[in-house]
Every structure is written in C-alpha cells, then in structure tokens.
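Notes for the one structure printed next.
The values are calculated or read from the model by the stated rules, or taken from the named source; none is laboratory data. Small disclaimer: the values here were computed from a predicted structure and weren't measured. Note: ideal-geometry Cβ built from the backbone for every residue, glycine included; neighbour counts use all protein chains shown.
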Amino acid sequence: MPEFKIQHTTKYAYDGFVRDSANKIILYPIVDIYQDVLKHDLQISGHPQVDTYVDYYGNEVGSFTYTEPHNLMVINSQLSIITHPRPLPLDNIFSAEQWNELFNLRYIVPYIDFLKQEYFEGLSELRPVVEAERKAEDTPYHTALKFCKYVYKNFDYIKGVTTVETTLDEIWKLKAGVCQDFAHLLMVMLRLVGIPARYVSGYICPNKDGMRGEGATHAWAEAYLPGYGWLGIDPTNNCVANENHVRLAVGRNFSDCSPVKGVYKGAAGHTLEVSVSVGYEDGQVHEEKDIFTVSTAPKAATAIARNSYAKYMEMIEQQQQQQQ
C-alpha cells in the first residue's frame, strides 16, 4: 500500500491585467476501494469560492471565477494518497460467453459512449492489425493485453513529437507520440472488437526508475471486462495500471478529463507553467515541468513543437478567451 505525496501546480502569468477568469478544474482524485485520499489541499490565487459537482462520467469537478484584476493566477493542488493493488481478471471464464456479453452492451448506457469510434481514416489499415493480434480463443482480457503490447512495441515514446492538432491518422503514420496518443490508439483498437474503452487521466508514481512518464501527469485506458469491470491498461509502459497509477478522471477522451480549462476577459497574452512533483515513501521527489507562452498576436508560420498536454492547454485558452 504505497503512499504518495503529489503536488500539481498550474501557473498563469499574464502580460497585463485580466479579470473575470472563469475556470473548470478536474484535480480531485477518484475515491474508491483502490484509492484512499488522506489529505487534499487546493489553493487558488484570490481565494475564490470553488463550487463542486459530479459530471456525467462520475468525476468530481470544481468551478470558480477570479473576478478581481490580476496578472498572475496559481492553482496548487497538494495530495496525499494511499493506493491499493487490485486483483487481475480470472482466466477460468469461457471466452465465448464474455464476447456475447460484450455484444449485448452495444446499445446500453453508459457503454454506448465508450464504444463510439472517433473519426480515423487509418481504420482500413488498422483493422487487419487488430484481426491479426486477436485470436478466436482469447478472452477480452487477453485481447486487451495484446493490443496494449502492440502499441508499446510499434510506437516510439517521444515527447514533443505530437501536438493536440495531431490526428490519429498522423500518429498512425508517425508511429510515435506520448501517453495521451498511446491511450487513444489503444481505445480505437479495443472499440473495434466491441470492448468498451475509456480514457483515464492521472499520475504515474513508480518507486523505481524505468517507467515512461514517471512523476508527471499521465494517461492510459480502461477496458470494460465482463465479470470484472473496468481494468486500467497502460500502453505507454505495457502494463496493467495498478497501485502506482493514481486516477483523477475518466471520460471518452482527453477533452473530458482536462485538469484545467478556463476563459478570461482581457487582451493580454500569457505564459502557462504546469509542474508536477511526486514524493515517494523513501523521501525522493521527482518533478516534471512544462512552460510555454500564449500570445494574442498572430503566430508565425512555424511553431515550436510541444507535447500534447501543453499544446492542448494553449488551444483551449486561445479559442475560449474573451477579449475586451
């Protein structure tokens, strides 16, 4: 039962004063038998009142407005959490029965949302891969593990090689990406064979080196398995998501689980800095940081490549900001 201390800081530094910054945050960890939240402190510049609600997917969501003029806003989430290992699915269930049960979920809420396929021109190329990886005698569990291994083996983990505008087709051609990209590809493969799949946002907190994305925001997929429920599968590390994975939110895709979304009034550009540090039981601390600038001025024809998370945050801010 490892205990982790996680600090997730989002900092907006504006070029001038802005006001009426309205934000939605999904920084509240999922609480269930596999995650015990010992302490969660949320500190926000201006000390606004945060109203919380539970969204359609069961995530706790906070909303607040920072009304006073300001040129800096910091959202600091400090979390102490204990995770528990979960048992793996049993192998003594007939595969045909499980596939029949999945077939009957096609028109049942909420599985419909997690079976709907995103637009992907490369499906014609991916389908033969899916069929080759899947064997008739495989259970849905073994099928999911094979798909996870395929993504891990055939796509390179390279930070900055993709942006939020990078489509599934481009990722398929690049054969590279980051955790968000890998999760989306795995979900496509699972949904192709009728396994409901959902996106998970959170953190990966290994006690030893060797894991991709350690000590930072992370993403993976969950597959719905008959007789078991939702099982987390991490294609970035080719493993089942267990006690080293801390879950924040689930949804159809990254957009449903974005940690911070917001709009503000003002013409100022800004710099966004996102940092995550994880304290381990042995006292070691690992920190990851992303920094980039958002400007209201027209962009040059060439842009510096950034990782998916940072680019996504930039797009949200630029498209939604209200200028006066």
Worksheet item: Can you pull out the residues in the stretch 117-138 that are within 23 Å of Ala241 (Cα to Cα) and either among the charged types (D, E, K, R) or free of Cβ contacts under 8 Å to residues at least 60 places away in the same chain (or both)?
Response: Glu133, Arg134, Asp138
Worksheet entry | Selected residue [out of contact with any Asp or Glu (no Cβ under 8 Å at 6 or more places or on another chain), surrounded by 12 or more Cβ atoms within 10 Å (Cβ to Cβ) and closer than 30 Å to Lys265 by Cβ] from Gln35, Gln7 | Gln7
Worksheet item: Do you know which of the residues in the stretch 100-133 that are of a type in the set (Asp, Glu) and surrounded by 12 or more Cβ atoms within 10 Å (Cβ to Cβ) is modelled with the lowest pLDDT?
Response: Glu118
Worksheet item: So is Glu97 of a type in the set (Asp, Glu), loosely packed, with under 14 Cβ neighbours inside 10 Å and modelled with pLDDT under 95 or not?
Response: yes
Worksheet item: Does any residue of the stretch 134-141 turn out to be surrounded by 14 or more Cβ atoms within 10 Å (Cβ to Cβ) and touching a strand residue (DSSP E or B) at 6+ places or on another chain (Cβ under 6 Å)?
Response: yes
Worksheet item: Which members of the stretch 36-61 meet the condition of being closer than 15 Å to Val74 by Cα and free of Cβ contacts under 8 Å to residues at least 12 places away in the same chain?
Response: His47
Worksheet item: Out of curiosity, is Tyr28 modelled with pLDDT of 95 or more, exposed (fewer than 15 other Cβ atoms within 10 Å of the Cβ) and closer than 27 Å to Val246 by Cα?
Response: no
Response to the item:
Over the stretch 51-77, the set of residues crowded, with 16+ Cβ neighbours inside 10 Å, of a type in the set (A, V, I, L, M, F, W, C) and under 30 Å from Trp230 (Cα atoms) is Val61
